[in-house]
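To start, the structure under review is shown below, and the notes come after it.
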Amino acid sequence: MAGALLMDIKSAFNNVSRSHLCRRITTLGIDPDLVRRTESFMQDRRMRLEMDGKSGEECTIESGISHVSPVSPTLFAV
């Protein structure tokens, strides 16, 4: 018998709350400097949508983790 569990986490990174993640890693006993770096990593993020050659206004993102960072899967798992 064989089994497999697969998860599509592509859009899950968008829903990570900065405050919840920082509280969680603090309760896990992670070094306070690393907690501050994680919080800084998730602050001041901005985005702009582009469709059919037209750009929308830039806006601030309050939640989510970068999809391109190698640390993102680990932060999501926490």
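Restricting attention to segment 1-13, report how many residues are assigned to a loop (DSSP other than H, G, I, E, B) and surrounded by 10 or more Cβ atoms within 10 Å (Cβ to Cβ).
Residues that pass the stated criteria total 1.
Inside segment 23-75, can you point out the residues that are exposed (fewer than 12 other Cβ atoms within 10 Å of the Cβ) and among the small types (Gly, Ala, Ser)?
Listed by number, the residues that qualify are 29, 40, 53, 55, 56.
Every read-out reported here was derived from the displayed coordinates using simple, explicitly stated rules and does not represent laboratory data. Worth saying up front: this structure is predicted, and the values here are computed from it rather than measured. Here the Cβ is made from the backbone with ideal geometry for all residues, glycine too, and neighbour counts use every protein chain on show.
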